[in-house]
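**Q** My questions all concern the structure below.
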Amino acid sequence: MQIVLLSTVVMFGAILRFWNLEQWSFWIDEVFTVRDAQNFSSDSWRSIPNPIPYLAVKLSILFAGNSEWGSRFIPCIVGIVSIPAVFGLGRTLFNWRVGLLGSAFVACSSWHLFWAQNARYPVFTFLFAILTVWFFYVSLERDSMLLTIGALICCLCLILSHTLSVVIVPALAVYAVICLLENGNKKRWINLLIFFIPFAIPVFALVFPEVRGYLFSGWGRNEWQRSPLYIVLTLVQGVSVPIAVTAFFGAALMPSNRSVRFLLCYAGVPLVLFLIASQLQNVAGYYLFWTTTAYFILTGVACEQVWKAIEDRSGKVLGMFVPCVLVVSLLSQCYLYFKIENGGRPKWREAFAAIQGEKQPTDKVVLSEPEMGRYYLPELTPVYIGELLDSREAFEKAWETSGKDRLWFVVDVASFNVFDANEDVRSWIRQRGHLVQTFPAFSRAKDRTIHIYLLQ
């Protein structure tokens, strides 16, 4: 019965993740990943701190073709594989019912769906984090050196998928201390040293200024205003409010349970560290996507506890009410994802297709992300909008000197709202150019509309 039920959940999750996989346009981070993946080689991998996603996307392109569908094929498969992985972790920590509920919630999650349909790293961190905590937990339960080595390998793969996922190490360290206080036998100490020493050694490299400069270079100031509240709301909105609330009650119902404490360390410690880091660096809430497994499993715990309480009084049918409501709420978000939100992406491909039909050889494209122009419209010269931001007078003079070539302005509202909050640049564009076409898109409480203007 478990196999049949899990197979049904995985099949449903797979259908959702392959649905419209090729329809969504790339967004800017995907284009950067695809470009770097295409140039990925045995010589370049040493300069990339998180090579696993780039290697996977490169193999995906070689296997399935250089397109949106081809670039996302392997990440999509990884997203599907993570669904039964959640079941395995949930069954190990609690029982098969919690595991099945957790995997069902993941299968219906629009946030997991979004990243599984992305040629990016988050879905890889999601899977490797599950494997890391699964092996680590069982290795402590059995004091197994073999499982400890497995956890170490998976943790290294997690960090090689995204460097900031290293915050899982202090999370596991907190739980390890709890276990040592309960039983600090010699074998357990040895296994923990095997796991943590490889992560402790690089810390000493921080004494070198070159290493510190490398780690903190490129982050810049927090111009996207990612505050602690922003990070928390990103997680809550990502997993959905019903899941977040139910997960909270799941932890509150069994606070002394060892598996619950483990999940609290798994999700809580990285979150606290990110909230602190947000005051110093530009970190985003979706960097913690790999911790959401704990939320889905804790939600399964709460559902099972409610199920047991109701079953004793009203039978099994009413016990299914809470998980059914949660699944329906998640599926409603998936409906919005497919029908309203355009897969959570701006319509870049459609915008450049509109320019493609009316372009002339001497035209230039002014946009906030020149790499998007190079990918979708390589025959036209992309111009960074920063030139207009720095000095409108200099920009106009350069345009007049060039013979007043036609300029296409691609105004992606989400980015312009950050660096053009007062709409000074957009006002300048509206006054001198005329609106050609608008491609509306709204997702995750953000306006992702793209306007196309022509100045001639």
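**Q** Semi-axes of segment 348-455's equivalent ellipsoid from the Cα gyration tensor, sqrt of 5 times each eigenvalue, largest first, rounded to whole Å?
**A** Gyration-tensor ellipsoid for segment 348-455: 21, 18, 12 Å.
**Q** In the chain, what percentage of the DSSP-assigned beta bridges are antiparallel, given to the nearest 5?
**A** 60
**Q** What is the Cα convex hull volume of the chain when expressed per residue in Å³?
**A** 169
**Q** Rg and Dmax of segment 1-66, Cα atoms, in Å?
**A** Final numbers for Rg and Dmax: 16.1, 49 Å.
**Q** Take each of the peptides 341-353, 295-307, average the number of other beta-carbon atoms within 10 Å over its residues, and list them starting from the highest.
**A** Averaged packing, sorted descending, gives the order 295-307, 341-353.
**Q** So, one more: For segment 106-131 and segment 362-424, write down the distance between their C-alpha centroids in whole Å.
**A** That distance is 34 Å.
**Q** Calculate the tail of P(r) for segment 339-382: the fraction of all Cα-Cα distances greater than 15 Å, expressed in %.
**A** 42
**Q** Let me ask you something else. Take a quick pass over the chain and tell me how many lysine pairs come in under 17 angstrom between Cα atoms, counting only ones 8 or more apart or on separate chains.
**A** Close lysine pairs under the 17 Å cut-off: 7.
**Q** I've got another one for you. In the P(r) worked out for segment 6-136, what percent of Cα pairs fall beyond 25 Å?
**A** So the pairs more than 25 Å apart make up 28 percent of the total in segment 6-136.
Only the coordinates and a few stated rules stand behind these numbers; no lab work does. The structure presented is a predicted model; accordingly, all values stated were derived computationally and were not measured. Ideal geometry is used to build each Cβ from the backbone, glycine not excepted, and the neighbour counts take in all protein chains shown.
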